[in-house]
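Rule-based calculations on the coordinates, nothing more; no lab input. Everything quoted here is computed from the prediction, not taken from an experiment. Note that each Cβ is placed from the backbone with ideal geometry, even for glycine, and that neighbours are counted across all protein chains shown.
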Amino acid sequence: MTYSFVALIAVAIHLIINVDVLRKGIDDHFPAAQAYRNFLCSVIVYHLTDAFWGVLYEQHLVTLVFADTMAYFVAMAISMWLWTAFIVRHLDCDDRFRKGLVHAGRTIFALQIMAVVANLFTPILFHFDAGGAYHADVARNAMMVLQSFMLFLTVASTLTVAARTDGIKRRHHLAVGLGGATMMLFFAAQVFLPLLPMYSIGYLLGICMLHTFVVEDERAEYVRALEEALNRAATQQRELGATREMAYSDPLTHVKNKRAHKEAEERMDQRIASGSVARFAVAVFDLNNLKVVNDTLGHEAGDNSIVSACKIICSSFKHSPVFRIGGDEFVAILEGEDYADRHELISVFNNRMDANTRHNEDVVVSSGFADFDVNRDHAYGEVFQRADNAMYLRKRMLKAMGGQRGSRDTGMYQGTLGAVATAT
């Protein structure tokens, strides 16, 4: 039973360490994955025939042992042919060299199959005596020699190619060559020790070497390449984000610009058309007396006034996107928390502007607000227009207040305020 246990242990090890190979989990980063998978499957089938052989032989079931031995030699021939196919796929060499290996592998495979078929009629590979004892015949030894010769060719090929390469490829070719050499030594030992599982041990050791130094390396290389690709993508995303930020940001105030407002308008129109938005408000702002500041104090002072006005707007509507859509004109789109608190926020903002106007302190910003009405508004622009109209009413009111310093015509102020309230 020891003979069978070695083969079964080999099968278990192959299945455990090569689970990704069998599940096609390495195909994207291992060019020879399919060829290696085919070879691995053929080796597993070979091990199974070897395991059955040990059990059947100990039970002296000669007929079944004979059939299993035939399957054993067929599996051996197929695995060697697929090993050659893997080497050809793995090597980076010229077509003439590849074709030579392919033809040699096919020729040896054909000879082995012919020997198996011939053994049905004449015992040239093996036979069992009257007592049920197994005996190896001359063709069996010749088959082992041919397989060792085929392994020698593949080992020589990989080592030759390895000598012309460097880096990770050189390491992989050397590993494949040494794995093949290990199998070759144990296959040769099988000639002299026919009742020991030397062939199975050779496959086990050779494939473990391939897994450790080739498959795992390929996986690690793939992970490294993937990490580099992800890092590049992240860098490009950051650069793209920075470029987009520059394209959609106002360079003076650093809030969103007119282009960003246009896109926001388009998105809002889509939401209105789909019925996915029911509540929002638009606030339009315009800085008063900017032309006077530019003409008397210069454009730098005018820019400072624009920045100050923007800061007041952003601090008043902290949870809303703010856009600069003109020289001194801003827009805020109120949703969520700012929409729920809009009346209080608007009142505080207007009170501050009233105080600035009366005392001639800080900048004065006119504002107009309008709520979206789901029953009459079909586009964002309609809400914006009402807010813009209200802003111009508010501007005229503040200018009147500034001209009178709040000392006369209070009735006009109250009437204008009422008009603003009606517009919103």
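Details
- Normalised by 2.2 N^0.38 Å, with N the number of residues, the alpha-carbon radius of gyration of segment 224-268 equals 1.58.
- From phi via Karplus (6.51, -1.76, 1.60), per-residue ³J(HN,Hα) for segment 55-63 in Hz, x at Gly/Pro: 5, 5, 5, 5, 8, 6, 8, 4, 4
- Whole-Hz Karplus values for segment 220-231 come out as 4, 5, 5, 4, 4, 5, 5, 4, 5, 5, 5, 5 Hz, taken residue by residue from phi with 6.51 cos²θ - 1.76 cosθ + 1.60 and θ = phi - 60°; glycine and proline positions read x.
- Scanning residues 5 or more positions from residue 289 or on other chains, none has an amide H under 5 Å from its amide H, with H placed 1.01 Å from N in the peptide plane.
- Per-residue ³J(HN,Hα) for segment 121-131, Karplus 6.51 cos²θ - 1.76 cosθ + 1.60, θ = phi - 60°, Hz, x for Gly and Pro: 9, 9, x, 9, 8, 7, 7, 10, 7, 4, x
- Segment 1-74: trypsin sites (Lys or Arg not before Pro) in DSSP loop, at most 14 other beta carbons within 10 Å: 23, 24
- Helical content alone sets the calculated 222 nm signal of the chain at -24500 deg cm²/dmol, taking -39,500 (n - 2.57) per DSSP H segment of four or more residues and averaging over every residue.
- DSSP-assigned coil residues among chymotrypsin sites (Phe, Trp or Tyr not before Pro) in segment 86-189, each with at most 11 further Cβ atoms within 10 Å: 121
- DSSP-defined beta bridges in the chain - what % are antiparallel, rounded to 5: 95 percent
- The number of Lys pairs in the chain with C-alpha atoms less than 22 Å apart, excluding pairs fewer than 8 positions apart on the same chain, is 15.
- Extent along principal axes [Cα atoms of segment 2-230; Å; largest to smallest]: 67, 36, 23
- In terms of packing, defined here as the mean over residues of other Cβ atoms within 10 angstrom, the peptides 361-372, 259-270 line up highest first as 361-372, 259-270.
- Correct option for mean projected area of the Cα convex hull in nm² [calculated from the coordinates] among [x] 27.4; [y] 34.6; [z] 20.4: [y]
- Kirkwood Rh and Cα Rg combined as Rg over Rh, evaluated for segment 258-423: 0.98
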